[in-house]
4 protein chains.
Amino acid sequence: MSPNRADPEGAIAEAAQTYSNWGRWGEDDVLGTVNFLDEGKRREGAALVRRGASFSLSQSFDMDGPQKGWRRRTNPVHTMLATGTDAAQGNQGLPHGFGGADDVIAMPLQCSTQWDGLGHIFDHGKAWNGRPAERVVTCEGDLVTGIEHMAPHVAGRGILLDVGLVLGGATASRDGRRRADELPDGFAVTEEHLIHTAEAHGVTVGRGDIVLVRTGQLARARREGWGDYAGGDAPGLSFTTAGWLHRTEIAAIATDTWGFEVRPNEFDGAFQPLHQVAIPHIGLLIGEMWDLDALAGDCKADGVYEFWLTAAPLPITGAVGSPINPIAVK
Amino acid sequence: MSPNRADPEGAIAEAAQTYSNWGRWGEDDVLGTVNFLDEGKRREGAALVRRGASFSLSQSFDMDGPQKGWRRRTNPVHTMLATGTDAAQGNQGLPHGFGGADDVIAMPLQCSTQWDGLGHIFDHGKAWNGRPAERVVTCEGDLVTGIEHMAPHVAGRGILLDVGLVLGGATASRDGRRRADELPDGFAVTEEHLIHTAEAHGVTVGRGDIVLVRTGQLARARREGWGDYAGGDAPGLSFTTAGWLHRTEIAAIATDTWGFEVRPNEFDGAFQPLHQVAIPHIGLLIGEMWDLDALAGDCKADGVYEFWLTAAPLPITGAVGSPINPIAVK
Amino acid sequence: MSPNRADPEGAIAEAAQTYSNWGRWGEDDVLGTVNFLDEGKRREGAALVRRGASFSLSQSFDMDGPQKGWRRRTNPVHTMLATGTDAAQGNQGLPHGFGGADDVIAMPLQCSTQWDGLGHIFDHGKAWNGRPAERVVTCEGDLVTGIEHMAPHVAGRGILLDVGLVLGGATASRDGRRRADELPDGFAVTEEHLIHTAEAHGVTVGRGDIVLVRTGQLARARREGWGDYAGGDAPGLSFTTAGWLHRTEIAAIATDTWGFEVRPNEFDGAFQPLHQVAIPHIGLLIGEMWDLDALAGDCKADGVYEFWLTAAPLPITGAVGSPINPIAVK
Amino acid sequence: MSPNRADPEGAIAEAAQTYSNWGRWGEDDVLGTVNFLDEGKRREGAALVRRGASFSLSQSFDMDGPQKGWRRRTNPVHTMLATGTDAAQGNQGLPHGFGGADDVIAMPLQCSTQWDGLGHIFDHGKAWNGRPAERVVTCEGDLVTGIEHMAPHVAGRGILLDVGLVLGGATASRDGRRRADELPDGFAVTEEHLIHTAEAHGVTVGRGDIVLVRTGQLARARREGWGDYAGGDAPGLSFTTAGWLHRTEIAAIATDTWGFEVRPNEFDGAFQPLHQVAIPHIGLLIGEMWDLDALAGDCKADGVYEFWLTAAPLPITGAVGSPINPIAVK
């Protein structure tokens, strides 16, 4: 498949038709590809806990994040309702020397490490499973496919595909600031790259897996500053991976980048075309802004790229996404 | 131990001295009893995944929650930055039929299912490990023991102690509205009750475990309305369990109630005296407002009260607590 | 006019047609009846400043407000980013003994003393001036008639109609808890009541005036607790005043109640029918939850019921309402 | 007075002692210099309404503001709870064709056009009137001098000192991008400049006045982008104006800049030293980020630089500042 750069709409329509999962799990489905993550897959995943080492795959949630206000997305604003300073001053009015601290957060659900819910993206007014977008996500939230439906499910076998490590060295560094385990911005990760990386790691991707794709961009942003991490150029999945995403029957996929797919996008004047196929048509659970570096270091060291993974969204009723702290255990 | 109702301060001081873990993990410790949850414990926990069934232990995060404004704690306010309705109307200005929904949340970190961080409670101006509260939690947040330090750790062996089920039937229902697997408000769960329940379930509580205590109060609140669930009378742990909490060397403990310990508290004019020992002195990770009902139903059905449990806090830098969606897998 | 209780839709349609101001100020109008408030009216208003006494007509903005969560409306949550306690502790890291406090607020724009913007209410999908609601207020806010357009205008002649004082004594107190200057809940203030009150006060209501109607309900709520102040039964304007609101050509009107019009509403199964005429059709600026008591006390004392009034909305871009602190000067 | 650049602490201490108003209005004072704004001043101010023309002096409150996250100060985040799009779709479930829009805001009280409350700044742990900072502003807010105490007072005679217009042309433009009515960044406005400007305008500054100082920096930021408007270099009042601020007995003063005083500050390693004298010692009400351009244009045109001014803070209980929409009427 070699999409015509000038016709994103045509390419999206063709991919949407070819890879649609609409109706696959019935009219009332609210889980999409998470349906692939069944009890057998969880047993398989749990068996991967060999050492008991655990890794958080979450970025920090604070004002030092990448958001710059686009689409009113700010970094998380965390404030205190009560503090130790006040407690020490005796300002709290509580008995027997009791003191406490409380806090509050205000944040976009898309501000940092997250899952995109099935109501996050629409194609020509259609949401997941063919539902009219205006009946699914109103100002009251996602009335049908809110992230709360995912609450108990997202725990299973995780696989890391460290494409940055496997292919980063082979790509020319244009500026000398990129390291060998990092893909350059604008690098489109294709199906071939994914397959090659899996082979290099000795893992097989299959039904119900949660696939984590490391590009190395986050490591670069950490070293050099956020720059345009939120919405600017980035390595990421090629639009042409839609077939692979569909065929492998994975439950979910996540990257260490802001937007999952390669940026600039591969069509003229386009905006996140792979999302437009993957979420409303494939029903795929997509994660973004994950921090895969500590896990990747461990996988490189022991050569084991599969693990038990729990990435539980907060059951915020009607949310089209959720901040998460995914935990991998090897 | 039979504390003098009139002297909470004395009882707290005695328990604090007797059960202190200050210095146990060094001067710089930021994990408290989570130190007990080691890799061996995770291997032990993962081995408990037999069927692959997973359970969310989180309440919903929405405006239908229990908060009524005390200490400026509101229920979560979730609003949309973009909707399907707008997308369907063509109001979004994006190319090739792309539409999207985004959202925002504002919430106290103590509003629903949560962990209390180590900076949440102080005793006479002292935080965990003996640090001065005013040096630990300022308006900038918890500068030392912020919940982000827990990020990779809280995954291990979970145990459910369904005290409501085991003891609820034996307590007289004063009003006919309480079911047989629910403890009455004001019921103090003692060490003996915990031990008896564990024996009834055939489980042993030990070092590094995450213990979940079900009282049944949440089930009652669901049926009858929140009432004073947030801060009113409730079943919960007796102050006298401090020794058990310390001796068993558990990593963490959570209940299905607002405030973990029995309310009214067991001293005159007191406020959460067990917190004042458990958090700053024992360094114990405490969870509140967990929804244990679905898991309890399954445990009752198959008789297995131990499982793999992941309860990952969001790494909100400097937070003294975190909303969570704990996932148990059996 | 004697509306048929069973046919709110018919009554609304008739009033909407009869009292419509659509097109009166051109196709592009964004001010509605605020157009009536011209420079001459401001000169007239300023001449009413005789003593120089000023009165705030705003309720407090804090957690002790009336909101209970309906429509996700909470009371204002005010938190601190920096405090004196931290400054005194030397926690702030600023030079030469400098210390500071900062703060943050999260609040519905409809939570306390407020103006309803012209985009706040629609009639059968039509906004003010006949515009399609879906083109006016999207998730981006009110793109056409946002409250920011009112920013420089709302300063002029104010008139207090203390209907509570004039008519409260004549209504039977059902429960002995209502005072003589308070109307009972459910009391519909008619055109005749308004005219009678103005005559009793010796004031004439005319084009461009800002009319404040005191029912006394807020005083009662202060004394007895909020109860159902937010959305429950209340005295307020009768649906039948629509003609008076239109004919007098007032610029704006406000009450000391949650919802401006009488509640329960005067039709079976209706919801705020007068709003549906007054805002989208008359283009009237409506204020709610004003605190008129201190001003009313002064007016009663000196017998002067007209004054200079400034009630400037915050120019929040695209807002459909604004919190305000109206200042009357006599 | 020629302060030693190397000794901000000494200069602040000297000015604080010389210009202190502590005790001037009694031990319990919560108004500071707003005490100067009495009824006579309001009568004088109201007499300045000659044409009835009104001007908003507020910047917009939206995401296009100057804030960049310093001190967790974001731009205002305004979101919708209900929209016209939803209403038009019939998603709202309300009777007789009723539709509505509601909204929410989350914002720092210091994010845009504002008053600094008396609890905003401390000097060596002392707040206004000599109170200990830790007893005044805790995590509960300003318990003593919260901005709500100012609610009815801030309406009186306003004076514009357009220093940009009077002195801008005389300062060399370093970059060709500054216009003749704009002061360069780093320009310290002295007492002599203020007096000269008042003379040029034909106005006299006196007790109880509200003085508005236009530098022209906001106009430049509008034209060229915000850049470092929030916290960067700027024209502003010299530290040496402390005596003038005290001696003139003005009630309040505001500028069109982020930080009121000149930046970089006039001492090495200093941070807002004039604030440290003006707020806690003089008790002066200070406004920042006002938009004076439309008013200045009118004043230049008619040569009248005095007017009626209402700048009512929202009575947010315990706030150390408030967003405002000041209205000038000429």
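Among the conditions (1) open to solvent by 10 Å² or more (accessible area, probe 1.4 Å); (2) more than 14 Å from chain A (Cβ to nearest Cβ); (3) not in a loop (DSSP other than H, G, I, E, B); (4) not aromatic (Phe, Trp, Tyr), B:Gly232 misses just one, which is (3).
Being part of a strand (DSSP E or B), touching a helix residue (DSSP H, G or I) at 6+ places or on another chain (Cβ under 7 Å), closer than 19 Å to B:His246 by Cα and modelled with pLDDT of 95 or more is a property that holds for B:Phe122.
Among the residues of segment A:196-212, the one identified as touching a Phe, Trp or Tyr at 6+ places or on another chain (Cβ under 8 Å) and open to solvent by 70 Å² or more (accessible area, probe 1.4 Å) is A:Arg207. Filtering segment D:102-119 to residues that are open to solvent by less than 10 Å² (accessible area, probe 1.4 Å) and either at the interface with another protein chain (Cβ under 7 Å from one of its Cβ atoms) or of a type in the set (Val, Ile, Thr) (or both) leaves D:Asp102, D:Asp103, D:Ile105, D:Met107, D:Pro108, D:Leu109, D:Gln110, D:Thr113, D:Gly119.
Report the residue count in segment D:78-96 for those that are at pLDDT below 95 and assigned to a strand (DSSP E or B). Matching residues across segment D:78-96 total 0. Any residue in segment D:285-293 that is open to solvent by 10 Å² or more (accessible area, probe 1.4 Å) and in contact with a Pro (Cβ under 8 Å, 6 or more places away or on another chain)? There is no residue in segment D:285-293 that is open to solvent by 10 Å² or more (accessible area, probe 1.4 Å) and in contact with a Pro (Cβ under 8 Å, 6 or more places away or on another chain).
Taken over segment C:135-152, residues that are touching a helix residue (DSSP H, G or I) at 6+ places or on another chain (Cβ under 8 Å), open to solvent by 40 Å² or more (accessible area, probe 1.4 Å) and within 7 Å of chain D (Cβ to nearest Cβ) amount to 0.
Looking at this structure, is B:Lys126 in contact (Cβ under 8 Å) with a residue 40 or more places away in the chain, open to solvent by 10 Å² or more (accessible area, probe 1.4 Å), over 18 Å from the mean Cα position of the chain (by Cα) and more than 25 Å from A:Ala53 (Cβ to Cβ)? Yes: the conditions hold for B:Lys126.
Residues are listed down the side, and each one gets a yes or a no for (1) more than 9 Å from chain B (Cβ to nearest Cβ); (2) within 13 Å of A:Leu160 (Cβ to Cβ); (3) at pLDDT 95 or above:
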site	(1), (2), (3)
A:Thr240	yes, no, yes
A:Trp244	yes, no, yes
A:Thr248	yes, no, yes
A:Thr257	yes, no, yes
A:Ala294	no, yes, yes
A:Ala301	yes, yes, yes
A:Tyr305	yes, yes, yes
A:Val320	no, no, yes
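Evaluation of D:Ala155 against the conditions (1) within 21 Å of D:Leu57 (Cα to Cα); (2) more than 9 Å from chain C (Cβ to nearest Cβ); (3) touching a residue at least 40 places away in the same chain (Cβ under 8 Å) shows that the sole unmet condition is (2).
Could we say that B:Thr18 is within 24 Å of B:Ala242 (Cβ to Cβ), in a helix (DSSP H, G or I) and more than 23 Å from the chain's Cα centre (by Cα) here? Against the criterion (within 24 Å of B:Ala242 (Cβ to Cβ), in a helix (DSSP H, G or I) and more than 23 Å from the chain's Cα centre (by Cα)), B:Thr18 qualifies.
Sort out which residues of segment A:137-184 are in contact with a Lys or Arg (Cβ under 9 Å, 6 or more places away or on another chain) and not in a loop (DSSP other than H, G, I, E, B), and write them in order of number. Selection gives A:Ala155, A:Gly156, A:Arg157, A:Leu160, A:Leu161, A:Val163, A:Gly164, A:Leu165, A:Gly168. Looking at the structure I just gave you, is D:Arg220 basic (Lys, Arg) and at pLDDT below 95? In short, no. Restricting attention to segment D:78-96 and to residues that are within 31 Å of the chain's Cα centre (by Cα) and within 7 Å of chain C (Cβ to nearest Cβ), the residue that is nearest to D:Gly225 (Cα to Cα) turns out to be D:His78. Taking A:Asn75, is it crowded, with 24+ Cβ neighbours inside 10 Å and more than 7 Å from every other protein chain (Cβ to nearest Cβ)? So A:Asn75 does not fit the description; no.
Residues in segment A:296-319 that are of a type in the set (A, V, I, L, M) and under 13 Å from the mean Cα position of the chain (by Cα) were compared, and the one that is most open to solvent (accessible area, probe 1.4 Å) is A:Ala312. Take A:Arg71 and decide whether it is basic (Lys, Arg) and either closer than 25 Å to A:Ala151 by Cβ or touching a residue at least 60 places away in the same chain (Cβ under 8 Å) (or both). Criteria not met by A:Arg71. Restricting segment D:12-49 to residues that are within 9 Å of another protein chain (Cβ to nearest Cβ) and under 29 Å from D:Glu266 (Cα atoms) leaves a set whose member that is surrounded by the fewest Cβ atoms within 10 Å (Cβ to Cβ) is D:Ala13.
Tallying residues that are under 19 Å from A:Glu140 (Cβ atoms) and of a type in the set (Val, Ile, Thr) within segment C:105-135 yields 1. The listed residues are A:Thr215, A:Thr241, and the only one of them that is part of a loop (DSSP other than H, G, I, E, B) and open to solvent by less than 10 Å² (accessible area, probe 1.4 Å) turns out to be A:Thr215. Residue pairs whose Cβ atoms lie under 6 Å apart, separated by 6 or more positions or on different chains, with the first residue in segment A:235-254 and under 17 Å from A:Gln272 (Cα atoms) and the second among the small types (Gly, Ala, Ser) and surrounded by fewer than 24 Cβ atoms within 10 Å (Cβ to Cβ), are A:Ser238/A:Ala188. Filtering D:Gly52, D:Gly65, D:Gly99 for residues that are at the interface with chain C (Cβ under 7 Å from one of its Cβ atoms), crowded, with 18+ Cβ neighbours inside 10 Å and in a loop (DSSP other than H, G, I, E, B) leaves a single hit, D:Gly52.
For segment C:129-146, filtering for residues that are among the hydrophobic types (A, V, I, L, M, F, W, C) and touching a residue at least 60 places away in the same chain (Cβ under 8 Å) leaves 3.
Residues in segment B:245-274 that are part of a helix (DSSP H, G or I) and open to solvent by 10 Å² or more (accessible area, probe 1.4 Å): how many?
Taking segment B:245-274 as the starting set, the residues that turn out to be part of a helix (DSSP H, G or I) are B:245-247, B:273-274.
Applying the additional criterion that residues be open to solvent by 10 Å² or more (accessible area, probe 1.4 Å) yields B:246-247.
So the answer is 2.
The requirement of being under 30 Å from A:Asp102 (Cβ atoms) and modelled with pLDDT of 95 or more is fulfilled somewhere in segment D:150-169, by at least one residue. Among the strands (runs of 3 or more DSSP E) confined to segment A:278-330, the ones with at least 1 residues that are among the small types (Gly, Ala, Ser) are located at A:285-288, A:321-323, A:327-329.
The values are calculated or read from the model by the stated rules, or taken from the named source; none is laboratory data. Because the structure is predicted, anything quoted here is derived from the model rather than measured. Every residue, glycine among them, receives a Cβ derived from its backbone with ideal geometry; neighbour counts consider all protein chains shown. Areas reflect the complete protein model, heavy atoms only, side chains present, ligands, DNA and RNA absent. Shrake-Rupley method; radii C 1.70, N 1.55, O 1.52, S 1.80 Å.
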